[in-house]
Amino acid sequence: MSSFWSGWIIVLTVATIIGLFWLLFGNRTRPNTEEKTTGHVYDGIEEYDNPLPAWWLYMFVISMVFAIGYLVIFPGLGNFKGVIGWTQVGQWEKENEKLDAKFDVLLKKYAAMPVEELAKDEKARRSGQRLFASYCATCHGSDAGGNTGFPNLRDQDWLYGGSPDRIAETITKGRKGAMPAWKGIMTDQQINDVATWLAATDPAQKTAAGAQTFATYCAACHGADAKGNLMLGAPNLTDNIWLYGGGIGDIKTTLLYGRNGQMPAHENILTPEKIHLLTAYVYGLSTNPQ
Ligand code: HEC
Ligand code: HEC
């Protein structure tokens with residue numbers, strides 16, 4: 001705030017306070033012995049000109065003294081910061097520090113507990129959920145239910161594995177899905193065959209040509225049975241869970257252009273204690289009875 005406007009506010013505020021004192025004391029009716037009236041008459045009812053009751057007057061005085069004291073101690077008078085240097089940000093930071101210190105103690109305690117046990121601890125799950133909301137929900141959804149390209153973390157279907165170790169590794173180091181693009185490598189016929197073969201729910205639609213193409217180009221990563229490979233993050237292609245969609249059009253897009261889902265590494269963002277707590281939270285999502 002420029003010093004002109006600061007001065008403007010100070011003058012206005014001080015003038016208002018002085019004006020209020022004058023209003024209160026300058027116009028005060030002195031206690032009198034005879035009953036005077038103000039001369040106002042409403043429907044034959046006259047108004048007495050009695051002084052304010054003392055307690056009422058004192059309330060006014062107290063609130064004005066409070067206002068002056070407040071403006072001396074706290075910021076409020078233009079740019080004047082108040083004699084104790086209080087700020088909103090300072091107070092917020094102090095409260096945050098207190099919370100952080102409390103959370104640190106909790107995190108230390110949790111760090112000593114195995115993931116399986118921590119995943120069942122109600123209080124730890126609530127703390128884990130808060131961390132998840134801050135660091136993970138933008139991609140995986142606030143309920144961890146996922147979205148196209150972002151895996152659901154509540155089910156039993158894992159790209160990289162759902163053991164505590166694998167989850168911790170995923171969060172710490174991140175993951176990069178590497179599904180190659182087949183445009184120009186496979187013929188349109190082959191892409192069509194294998195996409196139809198994968199999308200088919202009716203076994204009668206599972207052509208030998210599709211199976212053949214799959215065995216040639218895809219089995220190395222997705223497995224001979226197409227059930228996936230946790231080491232490569234190659235998804236199971238036989239279930240009803242699709243990261244990028246299981247319609248024939250979606251599958252063709254995946255095949256033509258490839259897919260490269262990226263889970264960012266969090267080792268430079270989160271402490272090992274926080275990663276441990278998040279691992280337990282994620283582990284609990286699919287293993288705790290809902
Ligand atoms: C920028 C988006 C993004 C953020 C933020 C993110 N993730 Fe991920 N995560 C992904 C993507 C994309 C994948 C899938 C990677 C792939 O396709 O190979 C993934 C995969 C995972 C997996 C592996 C799932 C499986 O089936 O094996 C876990 C576990 C996971 N994330 C947990 C977390 C946690 C916990 C956080 C918060 C600390 C988090 N993610 C933050 C995008 C994100
Ligand atoms: C080099 C290993 C590799 C090969 C070879 C490979 N894939 Fe993949 N595939 C992956 C990986 C890894 C992913 C997951 C990509 C991601 O997470 O972003 C994937 C994803 C997919 C998906 C998406 C699944 C979903 O849930 O949406 C389909 C469909 C698929 N592959 C089909 C095939 C077919 C058909 C072939 C053979 C033509 C093939 N893949 C060959 C590694 C491979």
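The values are calculated or read from the model by the stated rules, or taken from the named source; none is laboratory data. Note that this is a predicted model, so its numbers are computed, not measured. Positions of Cβ are generated from backbone atoms using ideal geometry, with glycine treated the same way; all protein chains shown enter the neighbour counts. To get the accessible areas, we keep the full protein, side chains included, count just its heavy atoms, and leave off ligands, DNA and RNA. Shrake-Rupley method; radii C 1.70, N 1.55, O 1.52, S 1.80 Å.
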Using the Kirkwood formula on alpha carbons, the hydrodynamic radius of region 213-284 in angstrom works out to 14.6 Å
Under a Gaussian network model of the chain whose springs join Cα atoms within less than 10 Å, the largest fluctuation of R125, R28, R259 belongs to R28
Counting only protein heavy atoms with a 1.4 Å probe and every protein chain in place, the carbon and sulfur fraction of the accessible surface of region 60-134 in whole percent equals 63 percent
Expressed to one decimal in nm², the mean projection of the alpha carbon convex hull of region 171-266 is 6.1 nm²
Restricting to Cα pairs under 8 Å and 6 or more apart, the percent relative contact order of the chain works out to 21 percent
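Ignoring ligands, DNA and RNA, please state the percent of accessible area on region 188-260 from carbon and sulfur, probe 1.4 Å.
Roughly 55 percent, rounded to a whole number.
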In degrees rounded to 10, the 0-90 angle between helix 272-287 Cα long axis and the longest Cα principal axis of the chain is 70 degrees
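Based on Cβ point charges of +1 for Lys and Arg and -1 for Asp and Glu, what charge dipole magnitude is obtained for region 97-141 about its Cα centre, in debye rounded to the nearest 20?
Details: 9 positive and 7 negative charges, 28 e Å.
My answer is approximately 140 debye.
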To the nearest 10 degrees, the tilt of helix 88-111 (Cα long axis) against the first principal axis of the alpha carbons of the chain is 40 degrees
To the nearest 10 degrees, the tilt of helix 208-217 (Cα long axis) against the first principal axis of the alpha carbons of the chain is 70 degrees
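Net charge near A137, counting Lys/Arg +1 and Asp/Glu -1 over other residues with Cβ under 14 Å of its Cβ? Numbers along the way, then the final one.
Details: positive: R130, R154; negative: D143.
Combined, the nearby Lys, Arg, Asp and Glu give +1.
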For the table K109/K274; K206/K227; K120/K274; K109/K176; K94/K123; K98/K274, the rows whose alpha-carbon distance is greater than 22 Å are K109/K176; K94/K123
Once amide hydrogens are built 1.01 Å from N within the peptide plane, the residues lying 5 or more places from R259 or on another chain with amide H under 5 Å from its amide H are M179
Listed residues G145, G82, G39; largest mean-square fluctuation, Gaussian network over the chain with Cα springs below 10 Å, found at G39
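Test of the criteria: in region 216-271, which chymotrypsin sites (Phe, Trp or Tyr not before Pro) are in a DSSP loop and have at most 13 other Cβ atoms within 10 angstrom of their Cβ? It would help to have the intermediate numbers written out before the result.
Numbers: sites: Y217, W242, Y244, Y257; in loops: W242, Y244.
For chymotrypsin sites (Phe, Trp or Tyr not before Pro) across region 216-271 that sit outside H, G, I, E and B with at most 13 neighbouring Cβ atoms in 10 Å, the list is empty.
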Rounded to whole angstroms and listed largest first, the alpha-carbon spread of the chain along its three principal axes comes to 116, 51, 44
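Just the number please: accessible area per residue for the chain, 1.4 Å probe, all protein chains included, in Å². Before the final figure, lay out each step's value.
Values: 18880 Å² over 290 residues.
That works out to 65 Å² per residue.
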